[in-house]
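The structure appears right after this line, and notes come after that.
Any read-out appearing in this document is the output of simple, stated calculations on the displayed coordinates, not a laboratory observation. The model shown is predicted, which means the values in this text are computed figures rather than measured ones. Don't worry about glycine lacking a Cβ; one is built from the backbone with ideal geometry, like all the others, and counts go over all protein chains shown.
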Amino acid sequence: GLTPGGGVVVSGAETEPWWSLSLLQGGRAPRSDELLTPLTHNVDGRLLRLLPNEYLERENTRRAGLSVQRRLFGTQLAVDASWRRTTGGITWVPLADQDGSGRWANTLDLDAYRLTGRLWREGRLLGWGRALLEGTWRKFEERTGTAAFLPPEESLRLELMWENHFFAEDGILQIALMSTIRGSMNDPWDPTRTVVLPQRTVHDLFLGFRLVGAHLSLVLRNLTGTRTLISAGAWSPGQEKQIRLHWTFLY
């Protein structure tokens with residue numbers, strides 16, 4: 001589908017402006033499954049049928065955002081605030097005469113508010129290091145209809161990164177620890193929003209080494225191996241290991 005949109009961004013005249021204001025107009029087109037393909041989801045023992053609607057129209061979304069960034073005693077502070085209004089939003093509407101069945105329709109009018117704060121500091125410590133803390137808060141107001149899915153209202157992310165260059169822009173050793181706390185949220189596979197998933201905390205470790213165009217990385221996801229619900233009846237995997245070798249030749 002076509003998703004025409006446009007916007008304008010106004011900011012300070014500095015090379016790195018400390019503030020910016022954005023106004024956007026757009027909206028997504030219906031997905032192919034919403035238009036053409038019936039789906040069936042088994043959610044916590046309940047069979048839910050998601051019926052398509054070939055007459056769906058594109059959503060209409062307006063967004064206003066304000067970003068502020070300042071430096072204080074060597075520490076970077078940033079705040080992003082936004083308001084988004086969706087009209088004619090696509091959502092799942094249950095059918096009165098068919099239990100567990102529903103059809104996609106343009107019946108959702110939603111106001112969403114988001115506030116993200118970031119705090120980070122960079123410096124030299126036997127190389128280069130950075131510590132970043134980011135928190136996000138969301139609020140939703142359903143003016144008309146009920147959204148089929150809403151993201152968590154709160155999330156928190158911590159990143160600790162360090163790297164050292166043994167040679168001039170080569171022989172680079174990288175280490176990063178990333179911790180994410182995701183607040184409780186509705187099951188993304190349950191358009192009735194009956195199932196609530198508990199808060200989840202995940203720790204990931206990244207190790208990388210780059211030499212003469214070769215980049216070898218090892219990622220350990222979910223360090224603690226703790227398994228949590230990611231959908232009704234479906235658990236997240238334990239610790240996962242990913243090894244990747246990427247080699248680039250420049251001439």
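Taking the Cα centre of each part, how many Å lie between the range 21-66 and the range 93-154?
15
With +1 on each Lys and Arg Cβ and -1 on each Asp and Glu Cβ, how big is the dipole of the range 90-143 about its Cα centre, in debye rounded to the nearest 20?
Values: 9 positive and 8 negative charges, 129 e Å.
Charge dipole of the range 90-143: 620 debye, to the nearest 20.
Select from ALA148, ALA214, ALA176 the residue whose mean-square fluctuation is largest in a Gaussian network model of the chain (Cα-Cα springs shorter than 10 Å).
Checking each option, the largest mean-square fluctuation is seen for ALA214.
So for the chain, what are the equivalent ellipsoid semi-axes in whole Å, largest first, each being the square root of 5 times an eigenvalue of the Cα gyration tensor? Write down the numbers at each step before the final one.
Details: eigenvalues 304, 136, 69 Å².
Computed over the chain, the values are 39, 26, 19 Å.
Charges only on Cβ, +1 for Lys and Arg, -1 for Asp and Glu: so what's the dipole of the chain about the Cα centre, in debye to the nearest 20? Don't skip to the answer; put the middle values down first.
Values: 29 positive and 27 negative charges, 87 e Å.
For this selection, approximately 420 debye.
Radius of gyration and Dmax for the range 1-47's Cα atoms, expressed in Å?
Looking at the range 1-47, its Cα Rg and Dmax stand at 20.2, 57 Å.
Summing -39500 (n - 2.57) over the DSSP H runs of n ≥ 4 in the chain and dividing by its residue number, what mean residue ellipticity at 222 nm do you reach, to the nearest 500 deg cm²/dmol?
Values: 1 runs with 4 residues, N = 251.
When only DSSP H runs of four or more count, the value is 0 deg cm²/dmol.
Pop out the ³J(HN,Hα) list for the range 11-28 in order, Karplus 6.51 cos²θ - 1.76 cosθ + 1.60 with θ = phi - 60°, rounded to Hz; leave Gly and Pro as x.
8, x, 7, 5, 4, 10, x, 8, 8, 8, 10, 10, 10, 10, 9, x, x, 8
Give me the number: length gained by fully extending LEU250 to VAL10, i.e. 0.36 nm times residue separation minus the C-alpha to C-alpha distance, one decimal in nm.
On the way: separation 240, 0.36 × 240 = 86.40 nm, distance 3.85 nm.
Using 0.36 nm per residue and subtracting the Cα-Cα distance, I get 82.6 nm.
What percent do you get for the relative contact order of the range 169-235 when only Cα pairs under 8 Å and 6+ apart count? Could you put the intermediate results ahead of the total?
Details: 116 pairs, mean separation 22.2, N = 67.
With pairs under 8 Å counted, the relative contact order is 33 percent.
Pick out, from LEU220, THR136, THR194, the residue whose Cα sits farthest towards the positive end of the charge dipole of the range 135-226, with +1 on the Cβ of Lys and Arg and -1 on the Cβ of Asp and Glu.
Comparing the listed Cα positions along the dipole, THR194 ranks first.
Run the numbers for ARG124 and ASP97: contour at 0.36 nm per residue of separation, minus the present Cα-Cα distance, in nm.
Details: separation 27, 0.36 × 27 = 9.72 nm, distance 6.62 nm.
So the chain would gain 3.1 nm between ARG124 and ASP97.
Set Lys and Arg Cβ to +1 and Asp and Glu Cβ to -1, take the dipole of the range 1-122 about its Cα centre, and tell me which of LEU56, LEU24, LEU72 lies farthest positive.
Comparing the listed Cα positions along the dipole, LEU72 ranks first.
Taking 0.36 nm per residue of sequence separation and subtracting the Cα-Cα distance, how much length would be gained by fully extending the chain between THR146 and LEU77, in nm to one decimal? Spell out each step's value before the answer.
Working: separation 69, 0.36 × 69 = 24.84 nm, distance 3.57 nm.
Extra length from THR146 to LEU77 when fully extended: 21.3 nm.
I'd like the Kirkwood hydrodynamic radius of the range 71-178, using the inverse of the mean 1/r over distinct C-alpha pairs, in Å. Intermediate results must be reported in sequence, preceding the final value.
On the way: mean 1/r = 0.0564 Å⁻¹.
Answer for the range 71-178: a Kirkwood hydrodynamic radius of 17.7 Å.
Could you tell me which of rounded, prolate or oblate describes the range 55-117, using a ≥ b ≥ c as the square roots of the eigenvalues of the alpha-carbon gyration tensor, with rounded for a/c under 1.5 and, failing that, prolate when a/b is larger than b/c and oblate otherwise?
Values: a/c = 5.80, a/b = 3.09, b/c = 1.87.
It is prolate, given that a/c is not under 1.5 and a/b is the larger ratio.
Charges at C-beta only: +1 for Lys and Arg, -1 for Asp and Glu. How large is the resulting dipole of the range 51-186 about its Cα centre, in Debye rounded to 20?
Values: 18 positive and 18 negative charges, 132 e Å.
Computed about the Cα centre, the dipole is about 640 debye.
Using a Gaussian network model on the chain with a 10 Å cutoff between Cα atoms, which of VAL195, VAL43, VAL212 fluctuates the most?
The residue with the greatest mean-square fluctuation here is VAL212.
Rounded to a whole number, what is D in µm²/s for the range 1-89 from Stokes-Einstein with the Kirkwood radius over alpha-carbon pairs (10 °C, 1.306 mPa s)?
On the way: Rh = 16.6 Å.
Value of D from the Cα-based Kirkwood radius: 96 µm²/s.
Which whole-number percent gives the relative contact order of the range 1-126, counting Cα pairs below 8 Å spaced six or more residues apart? Spell out each step's value before the answer.
Numbers: 286 pairs, mean separation 27.2, N = 126.
It comes to 22 percent, rounded to a whole number.
What percent does the relative contact order of the range 104-251 come to when contacts are Cα pairs within less than 8 Å and at least six residues apart? Mind dumping the intermediate values first?
Numbers: 338 pairs, mean separation 23.2, N = 148.
Value for the range 104-251: 16 percent.
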